[in-house]
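Worksheet: the structure to be examined is printed underneath.
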Amino acid sequence: MNAAPHLHSNVLRSLLRDRTAAVSAAVLCALLLAALGAPLFAPFDPWDQTQFDIMDAEIPPLGGGADARFVLGTDGMGRDMLSAMLYGAGISIVIGVFATLLQAAIGVVVGLAAGYFGGRLDSFLMRIADIQLSFTTLMVAIVILAVFQASVGLRFYEEYALVAIVLVIGIAEWPQYARTVRACALAEKKKEYVDAARVIGLPPFTILRRHILPNTFSPLLVISTVQVANAIITEASLAFLGLGMPVTKPSLGSLIRNGFEFIFSGAWWITAFPALLLVALILSINLLGDWLRDLLNPRLYRR
Amino acid sequence: MFAFLLRRLGQAVVVMLVISLLSFSIQDELGDPLRELVGQSVSEETREELREEMGLNDPFLAQYMRFLRGALRGDLGVSYFFKRPALDVILDKLPATIDLVLAATFWILLFSVPVGVFAAVNPRHWFSNLAMGLSAVGISVPVFLTAIFLIYLFSVELGWLPSYGRGETTEIFGWETGLLTRDGLRHLLLPSISLASVILPLFVRMIRSEMMEALEAEYVRFARAKGLREGRVRMVHAFKNTLLPVITVGGVQIGIMVAYTILTETVFQWPGMGFMFLEAINRADTPLIVAYLIVVGLIFVIVNTVVDIVYGLVNPAVKLTGKPA
Amino acid sequence: MPLLSVQNLEVVFPLPGGTVRALRNVSFDLDRGERIGIVGESGAGKSAAAFAILNLLGKPGKIQSGRILFDGHDLAALDYEAMRQIRGNRISMIFQDPMVTLNPVLTIGAQMTETLRAHRRMTRARARDIALEKLRAVQIPSAEKRLAQYPHELSGGMRQRVVIATALLSDPQIIIADEPTTALDVTIQAEILELLLRLCEDFAVGLILITHDLGVVFGVTQRILVMYAGRIIERGPTAEVIGAPRHPYTRGLIDALPSAARPGTPLKQIPGVMPSLHEIPSGCAFHDRCEFAQARCAAETPRLEEQGARAAACHFPL
């Protein structure tokens, strides 16, 4: 821990030496900047329906001899694709990050409790994790969101879709964190310094926070990259099924769903651009995750 | 072995009870079954009579017990839309989904083992780098995007392959399959590839990393010191140890594949369970949704049990006596 | 002519941080049926010497130069197939930790018979008979039952007996044992050593016993080689070297043995630690830990000077 500055410069050097990781980091930074600064950069406000004109619908991107206002063309409602994509990427990133934070919060608490206290509590919590995992997140999310949508009505759903999606993905994936943290806690608990801390009478909470939690940091960092990418994919898949973000406040997935109707009529850009952006986003996160995994090389709990 | 099966059976019953309870409890949330059945035109009094008659006014637990008794006899309610028993509707759609899953599994098995093993044995070979790069891309492209891309390329642009439906099917032993006709296979090609595209890269990576770890193991060095041929060292000593984690994770992945059929079938309008499920959700066809969840839950439970048994057969350290050693 | 003659062997590990020279100019002979010990601290290069003989160096290690003559052939120059036919057939190995040496998913029987069938054409039944005979030779109780068992069903000591039986399968001329007792309980160590000694005598097998523990070689081997930082620094008949070491390092090792200390006196220790192979000091690699070191020791690398059956690499031998 006290070698932090040293570690820091090593990480940076390793990042720059690995060409794939360096490019991924650069792409990811650019995407984050563009997406979170979308209200500043975007030429139009894609959430304001009064700004689109149906006469502008399905204008191809520049190079197709089209309108100079719409660099990447427009969709079926005459909405500027570039603006919609920047805002959409922002929504996808927000969902990915917050859903992962929620997963981590639940998972760390459950994992620490299971690993440190062990016994019946441990087997009970891990059994729940098993059952939870055997229903895949996508399935759980589809059912819950469908029920939610049907019971509150579409209008209300559009209002609260973001919160609902974050909650569903966050709650459905906690076992990933819980298992990793539990494995770390079990390994650390056996070590002598934890015994020593217990012998001098430190309360369990202090031992967990000061001695065990810091050791779970690197595996958590590695799975977090994967989890953010997966959460973004899950949201996009839900959106494609019509259960994600509504088309009035579209995520990248909603934009793709919206564009799929036009693919047979040749308006490829309505699907292709958001799709490319989505893949670039997920790929850069995953490649950085791979690099991080090689760098930190934690023994991840598998199954 | 017997004790093991018994224990698994007990677990399966508990899991199925939980699933059925959850599924049943969402029934109330998804609209009024009466309106779905008789429409809006009936008077309020007749409605109330009907409600009483159908037992819709009974306490929740009583309704659930009635539902359970029905479920045990294979009666999962009647689909509002199809006006037929929900289980019959699902069983009609099941073969299409099984075709799809079988074909995707075929691609996965065909490519993941040789590619993963090759990449582990020759980590610096250009082909290994290519395979690892492609698998990183494969993991990052959502399954519905792969499907859309395949449709756009092979159906819209090139016009080589159909973009929707199952095509011609034949029936053997009551199973209606598209695997036996040329037309059926042509229809199956794109959906099965896109379904496999999510799982295949995961398998390639997993087999590679497990195999690399096994190749570094001391028993592999000892196998070489015994003068075994390199092929035997790799395929018997290293690969057999690679299989254990792959079987465990593979079982979970099959469950994930069933969930992904919803996406694939939707894009390709494949007349299977997944597409049916999404339509049922859009139509608020509650009995069909509940029946689907129960059937899928049953499939998960069966697959997990089979995976555990296979794992026990491959791993000598697990005796199938009920507890893992 | 000796059965095995290692001549001027140099082994290197090209690592990202620079090339490490694990063995420097190592030469030794082994006669038919002879037993020698290679002694040194971990990192001295003794395991590299053992694995280099069968060309089983862990990546990225490789033989830089030198010859390993076995029965007239240079093992360092053999192709893969020719080398394979020697491994486990004419030269066998016993590894350090029996808990990880045997494959967990194969039965003992399968792991033994496959070794025989890799070298000779024979039926499964015949291979099984030989395996059974060797299991009895290492005194495993109810040998027949063991063939169908998996490694996890056996204790550490039993597993090491299986490993030894496996090494004996093809009646090899040499067994290389890399720390064969280090991972075992103290009570079992002596049993295994005794067994190894008896088997080598009975079957007239040559033995190269690699260990960090001088106590292990005493009574088992006829000669020993002492290694330090990749070089042989002393060699000679076991009893003579232990009775009257010439190199100060060997002396330090002997003094550090618990049996060498008189009751009530503290154990002696060699001050400092062996240098890592990355940063070996100039001159005699031991000079900065040596109580007799002089200016010459830091400047000039001592050669291994022969004196009858013995040799030591020291400017000022004891």
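The values are calculated or read from the model by the stated rules, or taken from the named source; none is laboratory data. Worth saying up front: this structure is predicted, and the values here are computed from it rather than measured. Note that each Cβ is placed from the backbone with ideal geometry, even for glycine, and that neighbours are counted across all protein chains shown. Quick note on the areas: whole protein, heavy atoms, side chains included, nothing else; ligands and nucleic acids left out. Shrake-Rupley method; radii C 1.70, N 1.55, O 1.52, S 1.80 Å.
DSSP loop GluC sites (Glu not before Pro) in the stretch B:83-177 with at most 15 other Cβ atoms within 10 Å of their Cβ, which ones?
When the GluC sites (Glu not before Pro) of the stretch B:83-177 are filtered for loop state and at most 15 Cβ neighbours within 10 Å, B:168 remain.
For residue B:240 paired with residue B:6, estimate the spin-label separation in nm (one decimal), with each label point 7 Å from Cα along the Cα-to-Cβ line.
3.2 nm
Residues with beta-carbon under 12 Å from that of residue B:272, excluding residue B:272: net charge, scoring Lys, Arg +1 and Asp, Glu -1?
On the way: positive: B:93, B:166; negative: B:92, B:99, B:176, B:265, B:279.
Once all neighbours under 12 Å are counted, the net charge is -3.
Taking 8 Å as the Cα distance limit and 6 or more residues as the minimum spacing, I'd like the relative contact order of chain B as a percentage.
About 27 percent, as a whole number.
Can you pull the one-decimal nm distance between simple spin-label points at residue C:15 and residue A:218, each 7 Å off the Cα toward Cβ?
The two pseudo-label positions are separated by 1.7 nm.
For the protein assembly as shown, build the charge dipole from Cβ charges (+1 Lys, Arg; -1 Asp, Glu) around the Cα centre, then report which of A:283, A:119, A:167 sits farthest towards its positive end.
Among A:283, A:119, A:167, the one farthest towards the positive end of the dipole of the protein assembly as shown is A:119.
Select from A:51, A:227, A:132 the residue whose mean-square fluctuation is largest in a Gaussian network model of chain A (Cα-Cα springs shorter than 10 Å).
Judging by the Gaussian network model, the answer is A:51.
What accessible area per residue, rounded to a whole number of Å², is obtained for the protein assembly as shown using a probe radius of 1.4 Å?
Each residue of the protein assembly as shown exposes 46 Å² on average to a 1.4 Å probe.
Which whole-number percentage describes the relative contact order of chain A, with Cα contacts under 8 Å and a sequence gap of 6 or more?
22 percent
What range in chain C is the longest one free of GluC sites (Glu not before Pro) that are in a loop by DSSP and have at most 10 other Cβ atoms within 10 angstrom?
C:1-278
Which links in A:189/C:46; A:190/C:268; B:240/C:145; C:62/C:134; B:226/C:59 stretch past 26 Å when you go from one Cα to the other?
Pairs exceeding 26 Å: A:189/C:46; A:190/C:268; C:62/C:134.
Magnitude of the Cβ-charge dipole of the stretch C:4-56, K/R +1 and D/E -1, about the Cα centre, nearest 20 debye?
100 debye
Let's see if you can work this out: charge +1 on each Lys and Arg Cβ, -1 on each Asp and Glu Cβ, no other charges. What is the dipole magnitude of the stretch C:13-89 about its Cα centre, in debye to the nearest 20?
The dipole of the stretch C:13-89 has a size of about 280 debye.
Summarise the partner chain shielding of A:283-294 as one whole number: the mean count of Cβ atoms from other chains within 10 Å of each residue's Cβ.
What the average comes to for A:283-294 is 2.
What does the C-alpha gyration tensor say about the overall shape of the stretch C:105-169? Classify as rounded when a/c is under 1.5, otherwise prolate if a/b is larger than b/c, or oblate.
It is prolate, given that a/c is not under 1.5 and a/b is the larger ratio.
Among DSSP bridges having both ends in chain C, what percentage is antiparallel? Round to the nearest 5.
Given both bridge residues lie in chain C, the antiparallel proportion sits at roughly 60 percent.
As an exercise, use a Förster radius of 25 Å and the Cβ-Cβ distance of residue B:180 and residue B:156 to find the FRET efficiency, rounded to the nearest 0.05.
So, using R0 = 25 Å, E works out to roughly 0.35.
Determine ³J(HN,Hα), in whole Hz, for all residues of the stretch C:96-113 in sequence, where each value follows from phi through the Karplus function 6.51 cos²θ - 1.76 cosθ + 1.60 and θ = phi - 60°; x replaces Gly and Pro.
Calculated HN-Hα couplings, in order: 5, 10, x, 5, 10, 7, 8, 6, x, 9, 10, 6, 4, x, 4, 6, 7, 5 Hz.
Which one of C:318, C:218, C:68 has its Cα pushed farthest toward the positive end of the charge dipole of chain C, where Lys and Arg give +1 and Asp and Glu give -1 at the Cβ?
C:68
Quick one: putting +1 on the C-beta of Lys and Arg, -1 on the C-beta of Asp and Glu, what dipole do you get for chain A around its Cα centre, in Debye to the nearest 20?
Rounded to the nearest 20 debye, it is 1720 debye.
Please list the three semi-axes, largest first and in whole Å, of the ellipsoid equivalent to chain C, using sqrt of 5 times the eigenvalues of its alpha carbon gyration tensor.
Each semi-axis is the square root of five times an eigenvalue, giving 35, 23, 17 Å.
Whole angstrom only: what separates the Cα centroid of the stretch B:146-217 from the Cα centroid of the stretch B:97-131?
Here the two parts' Cα centres lie 13 Å apart.
Using a Gaussian network model of chain B with C-alpha springs under 10 Å, which one of B:113, B:267, B:141 is most mobile by mean-square fluctuation?
B:141
What order do B:175, B:160 take when sorted by accessible area (1.4 Å probe), most exposed first?
B:160, B:175
Relative to a virtual label point 7 Å from the Cα of residue C:71 in the Cα→beta-carbon direction, which members of the stretch C:115-158 show backbone nitrogen distances below 17 Å?
Within reach of a label on residue C:71: C:116-121.
From the Cα gyration tensor of chain B, with a ≥ b ≥ c the square roots of its eigenvalues, which class applies: rounded if a/c is under 1.5, or else prolate if a/b is larger than b/c, or else oblate?
Working: a/c = 2.92, a/b = 1.62, b/c = 1.81.
The shape class here is oblate.
Hey, what angle do you get for helix B:2-27 against the long axis of chain B, alpha-carbon based, 0 to 90 degrees rounded to 10?
50 degrees
Using a Gaussian network model on chain A with a 10 Å cutoff between Cα atoms, which of A:15, A:154, A:255 fluctuates the most?
Looking only at A:15, A:154, A:255, the biggest GNM fluctuation is shown by A:154.
So for C:99, C:83, what's the accessible-area order with a 1.4 Å probe, most first? The partial results should precede the final answer.
Details: C:99 95, C:83 5 Å².
If we order C:99, C:83 from most to least accessible, we get C:99, C:83.
Can you tell me the FRET efficiency between residue A:124 and residue B:91 if r is taken as the Cβ-Cβ distance and R0 is 25 Å, rounded to the nearest 0.05?
Using R0 = 25 Å, I get an efficiency of 0.10.
In whole percent, how big is the carbon plus sulfur part of the accessible area of the protein assembly as shown, probe 1.4 Å, protein atoms only? Don't jump to the answer; show the numbers that get you there.
Numbers: 26500 of 43550 Å².
About 61 percent, which is the carbon plus sulfur part of the accessible surface.
Using the beta-carbon distance between residue B:313 and residue B:18 and R0 = 35 Å, what value does 1/(1 + (r/R0)^6) give for FRET efficiency, to the nearest 0.05?
Working: r = 28 Å, r/R0 = 0.81.
FRET efficiency, residue B:313 to residue B:18: 0.80.
Which length gain, in nm to one decimal place, applies between residue C:182 and residue C:64 when the Cα-Cα distance is subtracted from 0.36 nm times their residue separation?
In short, 39.5 nm is gained.
Let me check against my output: what whole-number percent is the relative contact order of the stretch C:105-169, with C-alpha pairs under 8 Å and at least 6 apart?
Once divided by the residue count of the stretch C:105-169, the mean separation gives 48 percent.
Quick query: amide H of residue B:226 versus all other amide H atoms, modeled in the peptide plane; which residues come in under 5 Å with a sequence gap of 5 or more or a different chain?
none
With every protein chain left in place, what is the accessible area of residue B:172 in Å² (1.4 Å probe, nearest 10)?
Using a 1.4 Å probe on the heavy atoms, I get roughly 70 Å².
Using only the heavy atoms of the protein chains and a 1.4 Å probe, how would A:294, A:45 rank by accessible area, largest first?
A:294, A:45
Please compute the length gained on full extension between residue C:133 and residue C:222, using 0.36 nm multiplied by the number of residues separating them and subtracting their Cα-Cα distance.
29.2 nm
Report the net charge of residues surrounding residue A:290, where surrounding means a beta-carbon distance below 14 angstrom and charges are Lys +1, Arg +1, Asp -1, Glu -1. If you can, show how the numbers build up before the last one.
Values: positive: A:19, A:293, B:205, B:208; negative: A:18, A:294.
Taking every Cβ under 14 Å from that of residue A:290, the sum is +2.
Along the principal axes of its C-alpha atoms, what lengths does the protein assembly as shown span, in descending order and rounded to whole Å?
Sorted from largest, the Cα extents of the protein assembly as shown read 117, 66, 65 Å.
Mind giving me the nanometre distance, one decimal, between the label points for residue A:29 and residue A:163, set 7 Å out from Cα along Cα→Cβ?
3.6 nm
Could you give the length gained on full extension between residue B:58 and residue B:129, defined as 0.36 nm per residue of separation minus the Cα-Cα distance, in nm?
Length difference between fully extended and current span is 19.2 nm.
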